[in-house]
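Notes follow once the structure below has been shown.
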Amino acid sequence: MSAAVSGVSLCPLAMKSAPERELLCIFGTGDLGRSLGQRLLQTGYRVVYGSRRPHSCGPLPHGAQVLIDLSNNQKTDMFPDTNAEYLQRLVPGGLVVKGLNTLSAWVLLNGPLAGKQVYLCGDSAEAKQAVREMATRLGLSVLDKGCLSAAREVEDFPLLLFPKWRLPLCVATGLTAFFFFYLLTRDVIYAYVEQDKDISFRITLSLANKVFPIVSLIMLSLCYLPGVLAAFLQLYRGTKYSRFPDWLDRWMLCRKQLGLLALALAFLHAICTFIIPIRYSVRHKLISRVVDEMKDNKTTPFDFDNTEAWATDSFLMLGIVGLFLYALLGLTSLPSVGGSLSWREFTFVQSKLGHLTLLVCTAHGYIYGWDKFLRLSTYKWWTPPGYMLCLVVPSVVLVLKLLILLPCVDRSLGRIRQGWERTGPEEGRASTAATSL
């Protein structure tokens, strides 16, 4: 385990001498040690290395006081105790601070460090302050995680692979697989079995272009469903101080990732829609239609009162507006953009504008099938088309949100979120008076 331990030592004598540059010792001459040393030299520190091969490094400074543990393990729970705690036992007279372990050698050597967040934990406030000052000079943003007992959490951070994306990715993958095979059965297999037509060429683009918007709309609605469920739960409990169930908490914490995946699928849908007119099958169909009309010496006049023309243009316009609102929501979810907004502005965009996006995209889906809901030919093998299924969840979310916006419900929910609690008659009056104060 000692081979996994590396660190940086701050020399107190150099720290107290203002004119002289601070001297730091780096234990370990691997990629991380060399990269960190080069970045510290560029920042204005003096650096000396310590290694199991002394001939390749300079001498170690005497009287070292603070030791920063940069080590990581290859997997979680690799050892009974953390590297930082093990290092503290090796140097009982030193002050060990766990931190900077989330930085890679490549980032230290080539990447920008400005604003990049690192974590610190240690038992000495003075030692952590010294490390914080060094990290700040490097341009890093420091988050204090507490005592050295939190080292296991800090050491596990580099081992996590998109932890907040796992549930949204599983949902997206599951929905995509379900609707792909569902539409494959309804469109391709049905045509082959019932009509003896081979339209398998549609699998690569046409079928995908149906799956993308369906999954995108469902995932967008899943971003706002937990919010309305939480509102009704607060109304039922009559307080905002009770914890939500764990499944609802986890769901609400991954709404951003759900929305970004929905945005990605919406862009794929838009790209496929632009590409479809240049497909071979579409061009062949158009050319054949023109040739047939020329042979019959007739043309099909355009009906300016045609309802289908109005529906098509409305459908396309709602799709354009919906994609624009989608992109706006995605931009405000970026830390650089969201950080420049006030809390009220951010809430307005993510909530009010988000529900408007859901409404526009749902209307986009309804107009697509406005005249097909009652046709028997729409239900192949007695199954509804995919766009009908995808309208269920967003419709439920919009209806629930409409109920919350009713004046009587909105007023009660607003009081609860301001701190009012529904209790006994006497306690209720006292709670209301305290809230008003």
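The values are calculated or read from the model by the stated rules, or taken from the named source; none is laboratory data. Computed from a predicted structure; not experimentally measured. Reconstructed Cβ throughout: ideal geometry from the backbone, glycine too, with neighbour counts over all protein chains shown.
Need pairs with beta-carbon distance below 9 Å; first residue more than 19 Å from residue 89 (Cα to Cα) and within the range 143-159, second β-branched (Val, Ile, Thr); sequence gap 6+ or separate chains.
As it stands, the answer is 143/118; 145/154; 156/76; 157/102; 158/102; 159/76, since those pairs meet every condition given.
Looking for whichever is out of contact with any Lys or Arg (no Cβ under 6 Å at 6 or more places or on another chain) and either at pLDDT 95 or above or basic (Lys, Arg) (or both) here; the options are 200, 221, 206. Which one fits?
221
Looking for whichever is of a type in the set (Gly, Ala, Ser), surrounded by fewer than 16 Cβ atoms within 10 Å (Cβ to Cβ) and farther than 30 Å from residue 264 by Cβ here; the options are 351, 377, 314. Which one fits?
Values: 351 fails: farther than 30 Å from residue 264 by Cβ; 314 fails: farther than 30 Å from residue 264 by Cβ.
Going through 351, 377, 314 in turn, the sole match is 377.
With the structure loaded, tell me whether residue 183 is aliphatic (A, V, I, L, M), in the same structural domain as residue 118 (by TED's automatic domain parsing) and more than 30 Å from residue 252 (Cβ to Cβ) or whether it fails that test. Outline the logic, then answer.
On the way: aliphatic (A, V, I, L, M): yes; in the same structural domain as residue 118 (by TED's automatic domain parsing): no; more than 30 Å from residue 252 (Cβ to Cβ): yes.
Judged against the criteria, residue 183 is not a match.
Kindly indicate the residue of the range 183-197 that is crowded, with 18+ Cβ neighbours inside 10 Å and out of contact with any Asp or Glu (no Cβ under 9 Å at 6 or more places or on another chain) and also modelled with the highest pLDDT among those meeting that condition.
Step one: filter the range 183-197 for residues crowded, with 18+ Cβ neighbours inside 10 Å, giving 183, 186-188.
Going one step further and asking which of them are out of contact with any Asp or Glu (no Cβ under 9 Å at 6 or more places or on another chain), we end up with 183, 186-187.
On the way: 183: 94, 186: 91, 187: 89.
Only one residue tops the list, namely 183.
Return the only residue of 330, 259, 338 being surrounded by 11 or more Cβ atoms within 10 Å (Cβ to Cβ), among the small types (Gly, Ala, Ser) and in contact with a Cys (Cβ under 6 Å, 6 or more places away or on another chain).
Values: 330 fails: in contact with a Cys (Cβ under 6 Å, 6 or more places away or on another chain); 338 fails: in contact with a Cys (Cβ under 6 Å, 6 or more places away or on another chain).
From the options 330, 259, 338, the qualifying one is 259.
Can you tell me which of (1) touching a residue at least 40 places away in the same chain (Cβ under 8 Å); (2) within 25 Å of residue 222 (Cβ to Cβ); (3) polar (S, T, N, Q) is the one residue 332 doesn't meet?
It fails just one condition, (1).
Among the residues of the range 218-272 satisfying the criterion of being outside any helix (DSSP H, G or I) and in contact (Cβ under 8 Å) with a residue 60 or more places away in the chain, which is farthest from residue 395 (Cα to Cα)?
Going residue by residue through the range 218-272, those that are outside any helix (DSSP H, G or I) are 238-245, 254.
Filter again for in contact (Cβ under 8 Å) with a residue 60 or more places away in the chain, leaving 238-241, 254.
Working: 238: 26, 239: 27, 240: 26, 241: 30, 254: 21 Å.
Checking each candidate, the answer is 241.
Listed residues 263, 258, 286, 268; which is touching a Gly at 6+ places or on another chain (Cβ under 7 Å) and either at pLDDT 75 or above or not assigned by TED's automatic domain parsing to the domain that holds residue 168 (or both)? Give the steps one after another, and end with the answer.
Numbers: 258 fails: touching a Gly at 6+ places or on another chain (Cβ under 7 Å); 286 fails: touching a Gly at 6+ places or on another chain (Cβ under 7 Å); 268 fails: touching a Gly at 6+ places or on another chain (Cβ under 7 Å).
Residue meeting the stated conditions: 263.
Go through (1) in contact (Cβ under 8 Å) with a residue 60 or more places away in the chain; (2) assigned to a helix (DSSP H, G or I) and name the single condition residue 421 misses.
(2)
Name the single residue that is surrounded by the fewest Cβ atoms within 10 Å (Cβ to Cβ) among those in the range 11-48 being small (Gly, Ala, Ser), at pLDDT below 70 and in a loop (DSSP other than H, G, I, E, B). First the steps, then the outcome.
Within the range 11-48, the subset small (Gly, Ala, Ser) is 14, 17-18, 28, 30, 33, 35, 37, 44.
If we keep only those that are at pLDDT below 70 too, we end up with 14, 17-18.
Going one step further and asking which of them are in a loop (DSSP other than H, G, I, E, B), we end up with 17-18.
Values: 17: 12, 18: 6.
Filtering the range 11-48 for residues that are small (Gly, Ala, Ser), at pLDDT below 70 and in a loop (DSSP other than H, G, I, E, B), the one surrounded by the fewest Cβ atoms within 10 Å (Cβ to Cβ) comes out as 18.
Within the range 105-121, is there a residue that is assigned to a strand (DSSP E or B), touching a strand residue (DSSP E or B) at 6+ places or on another chain (Cβ under 9 Å), among the β-branched types (Val, Ile, Thr) and crowded, with 20+ Cβ neighbours inside 10 Å?
yes
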